[in-house]
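Chemist: Have a look at this one before I ask anything.
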Amino acid sequence: LTFQPHFKNEDHSLMMMLRGQLTSGNSTTQSTTEYGLPSGSIKSSGAPAIPSFSMSNGQWRSIYLTYSAHYAYKGKYMADFSIRAGGTTKFGPERRWGYFPAVSLRWNIIDEPWMQWAKGGERNVLSMLSIRPSWGRVGNQPGGNYLYASKYGTAATYLDMNAMYPVNIRLNNLKWQINPSYNLGVDLGFWNDRLTVVIEGYRSTVTNMLMNNYRIPSNSGFSTIAVRNTGKMRNIGWEFHINTN
């Protein structure tokens, strides 16, 4: 859904958008193994053996709702805002929703009256000058399903009886991985944008990092857990791009 109101004062412009996305998936696996063969090197399906069959299936769903707005004044000052709400069945009932806002600004300095000296003349040496600060964050979800549930498997025998045993540690407090980032960009154009220069400086951080197959003390009964929120990673850098037309 898009809404773009009309202003009598054409110096103002505004556009808002609401978007939704629903995704569902399922998976099914089947496997057949044999045991009781005299040698592990026998691969013939006709050899006498005791067959073992297994199968599994899974299902997951996710939903995303995004609201975004863009405002501009005289084409010189611009602001963008968005917020995204995401929910997924890959987390426990208390942790399924995450909220991810973002905001960015742009100032076209070259369009200011006191910058007309740079745009004047036949050569038009400086045709673009703008700065773009922004901040936002995104979230990642784990790849596995049913991590918040206790799962059990069957053992061959225990004291001559059929048995079941736990095969995982339930992770009902698992959280979204959050990636906040800051960015400052500068756009330069020369000679009617025949030569453009883009300078980007950024700083991004990863919190609640999702680590797969995380090792834990074996006295818990397990050597690893499927996923764990742990650690923090930070990345700081800058980029420099030059284009010619």
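The values are calculated or read from the model by the stated rules, or taken from the named source; none is laboratory data. For clarity, every value in this text was computed on a predicted model and none was experimentally measured. Don't worry about glycine lacking a Cβ; one is built from the backbone with ideal geometry, like all the others, and counts go over all protein chains shown. Side chains are part of the model used for accessible areas, which takes the heavy atoms of the whole protein and leaves out ligands, DNA and RNA. Shrake-Rupley method; radii C 1.70, N 1.55, O 1.52, S 1.80 Å.
Chemist: I'm trying to understand the selection: among the residues of segment 3-23, which are in a strand (DSSP E or B) and without any contact (Cβ under 8 Å) to a residue 24 or more places away in the chain? Steps first, answer last, please.
Modeler: Here is the first cut: in segment 3-23, the residues in a strand (DSSP E or B) are 3, 12-23.
Listed by number, the list holds a single entry, 3.
Chemist: Now a separate question. Of the residues in segment 142-170, how many are part of a loop (DSSP other than H, G, I, E, B), over 14 Å from residue 222 (Cβ atoms), without any contact (Cβ under 8 Å) to a residue 24 or more places away in the chain and open to solvent by 40 Å² or more (accessible area, probe 1.4 Å)?
Modeler: We begin by selecting, within segment 142-170, every residue part of a loop (DSSP other than H, G, I, E, B); these are 142-151, 159-160, 167-170.
Okay, now just the ones that are also over 14 Å from residue 222 (Cβ atoms), so 142-146, 148-149, 159-160.
Add one more test, that the residue is without any contact (Cβ under 8 Å) to a residue 24 or more places away in the chain, and what stays is 149, 159-160.
This time we only want the ones that are open to solvent by 40 Å² or more (accessible area, probe 1.4 Å), so: 159-160.
Total satisfying the criteria: 2.
Chemist: Next question. State which residue is modelled with the highest pLDDT when the search covers only segment 106-135 and only residues that are out of contact with any Ser or Thr (no Cβ under 9 Å at 6 or more places or on another chain) and aliphatic (A, V, I, L, M).
Modeler: If we take residues in segment 106-135 being out of contact with any Ser or Thr (no Cβ under 9 Å at 6 or more places or on another chain) and aliphatic (A, V, I, L, M), then 131 is modelled with the highest pLDDT.
Chemist: For residues in segment 203-223 being open to solvent by less than 50 Å² (accessible area, probe 1.4 Å) and over 28 Å from residue 134 (Cα atoms), which is nearest to the chain's Cα centre (by Cα)? Please lay out each step first, then the result.
Modeler: At the first step, the residues of segment 203-223 found to be open to solvent by less than 50 Å² (accessible area, probe 1.4 Å) are 204-207, 209-210, 216, 222.
The next check asks that each one be over 28 Å from residue 134 (Cα atoms); those that pass are 216, 222.
Working: 216: 27, 222: 29 Å.
Top of the filtered list is 216.
Chemist: Yes or no: residue 194 touching a residue at least 12 places away in the same chain (Cβ under 8 Å) and open to solvent by 70 Å² or more (accessible area, probe 1.4 Å)? Walk me through it before giving the result.
Modeler: Details: touching a residue at least 12 places away in the same chain (Cβ under 8 Å): yes; open to solvent by 70 Å² or more (accessible area, probe 1.4 Å): yes.
Considered against the rule, which asks whether it is touching a residue at least 12 places away in the same chain (Cβ under 8 Å) and open to solvent by 70 Å² or more (accessible area, probe 1.4 Å), residue 194 comes out as yes.
Chemist: Inspect all residues belonging to segment 157-168 and state whether any of them is touching a strand residue (DSSP E or B) at 6+ places or on another chain (Cβ under 7 Å) and more than 26 Å from residue 53 (Cα to Cα).
Modeler: Within segment 157-168, not a single residue is touching a strand residue (DSSP E or B) at 6+ places or on another chain (Cβ under 7 Å) and more than 26 Å from residue 53 (Cα to Cα).
Chemist: Look through segment 69-115, keep the residues that are buried (at least 16 other Cβ atoms within 10 Å of the Cβ) and among the hydroxyl-bearing types (Ser, Thr, Tyr), and return whichever of them is farthest from residue 229 (Cα to Cα).
Modeler: In this case the residue turns out to be 104.
Chemist: Something else about it: Kindly provide the set of residues from segment 2-33 that are closer than 30 Å to residue 76 by Cα, open to solvent by 80 Å² or more (accessible area, probe 1.4 Å) and within 28 Å of the chain's Cα centre (by Cα), ordered by number.
Modeler: 2, 3, 15, 18, 19
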